Amino acid sequence: MRILPAAVALCLTTHLAGSLFASDPTIVSALKAKGGEITETGGEATGLTFKDCKGLTEADYAQIRKLDHLKMLSYGMGVDDAGLRALAGLPALEQLSTNGMTASDEGVRALAACKALRSIAFFHPGKSFTGSGLAALSALPSLDRLTVAGSSEFADEGMAAVAQITHLKEFRTWHSGATVEGVKNLKALKELKSLTIGQRLANKPPVTLSDDTVAALAEIPSVEMLSLQEARLTLPALSKLKQLPNLKRLTLDGIDLPEPQIAELRQQLPKVDVKWTAPNDAAKKRIESLFGAH
């Protein structure tokens, strides 16, 4: 019997393994035909983007579920509960983002079965999503980044659910329905390093971000990077951020504050990189509707 050289044998073994375990080309072709954009690494489908999900069926979602090496998935308009439930158990999925989903909190709870998830972002979720289902994601051991933006239904109940994911390292939210009371829940996130809080979606009180909010944020000592968006804040309130021993960067994006006071704030926070941009016209209108005219 002829014995193959070790290098040849290794090459043959690798080729056979790739044939056995590479993503099914039939599935890949079917998903591409439905508008899917697929990233392949070593013959495996590791990334998938659907800009529009309204034409996807449960059978299509079942095909996605077979992509066991999928690490990144981006869903556009229309992904529903069936679309999220189909992901349950995907062993390699690390990043999930949706924009314009119609899924409910029940569908979001199903994501607790995706044990490899590290990052989730929900942009412009529909009215069936309040964020209450996010509490189930506290069971995901590696989840450290979460974004929820563009939903008035995501309010204080949703913020309370986020606070149950106590191992989060980064949380971002803006244009939501949360109030100051909802933001106060975030004090439970003892490992939080990066936090973005933007203004309420509606153009009428109550507000999400105000001086009172800043006072609450000053009680999260783990924060290193803080971004605040679209509000009228005062120097005395921002000065309370001196209480944050680990703060390295403060971004004030569209914050109504006299520019000379920014220089004074930088003096009060000498170890912090303070970046400030004045409100644009759209932000000015929102701020005046929420806080009143000067």
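Per-residue answers, yes or no, for (1) surrounded by fewer than 21 Cβ atoms within 10 Å (Cβ to Cβ); (2) part of a loop (DSSP other than H, G, I, E, B):
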{"site": "116", "(1), (2)": "yes, yes"}
{"site": "120", "(1), (2)": "no, no"}
{"site": "143", "(1), (2)": "no, yes"}
{"site": "147", "(1), (2)": "yes, no"}
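Which is open to solvent by 70 Å² or more (accessible area, probe 1.4 Å), assigned to a loop (DSSP other than H, G, I, E, B) and not hydroxyl-bearing (Ser, Thr, Tyr), of 271, 284?
On the way: 284 fails: assigned to a loop (DSSP other than H, G, I, E, B).
Just a single option satisfies the conditions, and that option is 271.
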Matching residues, region 33-80, being touching a strand residue (DSSP E or B) at 6+ places or on another chain (Cβ under 8 Å), open to solvent by less than 50 Å² (accessible area, probe 1.4 Å) and of a type in the set (S, T, N, Q): 46, 49, 74
Of (1) surrounded by 18 or more Cβ atoms within 10 Å (Cβ to Cβ); (2) part of a loop (DSSP other than H, G, I, E, B), residue 174 satisfies every one except (2)
Restricting the first residue to region 201-221 and requiring it to be open to solvent by 50 Å² or more (accessible area, probe 1.4 Å), which pairs with a second residue that is among the small types (Gly, Ala, Ser) and not in a helix (DSSP H, G or I) meet a Cβ separation below 9 Å and a spacing of at least six or different chains? 201/150; 201/151; 201/152; 201/176; 201/177
For residues in region 83-106 being touching a helix residue (DSSP H, G or I) at 6+ places or on another chain (Cβ under 8 Å) and acidic (Asp, Glu), which is surrounded by the most Cβ atoms within 10 Å (Cβ to Cβ)? 105
Go through region 1-32 and give me each residue that's open to solvent by 80 Å² or more (accessible area, probe 1.4 Å) and modelled with pLDDT of 50 or more. 25, 26, 32
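Can you say whether residue 169 is open to solvent by 20 Å² or more (accessible area, probe 1.4 Å) and more than 20 Å from residue 209 (Cβ to Cβ), as far as the supplied structure shows? Spell out the reasoning first.
Working: open to solvent by 20 Å² or more (accessible area, probe 1.4 Å): yes; more than 20 Å from residue 209 (Cβ to Cβ): yes.
Judged against the criteria, residue 169 is a match.
Among residues belonging to region 241-268 that are open to solvent by 20 Å² or more (accessible area, probe 1.4 Å) and part of a loop (DSSP other than H, G, I, E, B), point out the one that is nearest to residue 210 (Cα to Cα). Step through it out loud before you land on a result.
So the first thing to find is which residues in region 241-268 are open to solvent by 20 Å² or more (accessible area, probe 1.4 Å), and the list is 242-243, 245-246, 248-249, 251, 253, 256, 258-261, 263-264, 266-268.
With part of a loop (DSSP other than H, G, I, E, B) added as a condition, the list becomes 245-246, 248, 258.
On the way: 245: 22, 246: 22, 248: 21, 258: 16 Å.
Checked region 241-268; the qualifying residue nearest to residue 210 (Cα to Cα) is 258.
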Per the filter on region 177-193, residues out of contact with any Asp or Glu (no Cβ under 9 Å at 6 or more places or on another chain), open to solvent by less than 30 Å² (accessible area, probe 1.4 Å) and assigned to a helix (DSSP H, G or I) are 186
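The values are calculated or read from the model by the stated rules, or taken from the named source; none is laboratory data. Note that the structure is a prediction, hence the values are computed from the model and not measured. Backbone-built Cβ (ideal geometry, glycine too); neighbour counts: all protein chains shown. When the accessible area is computed, the model is the full protein with side chains, heavy atoms only, and any ligands, DNA or RNA have been set aside. Shrake-Rupley method; radii C 1.70, N 1.55, O 1.52, S 1.80 Å.
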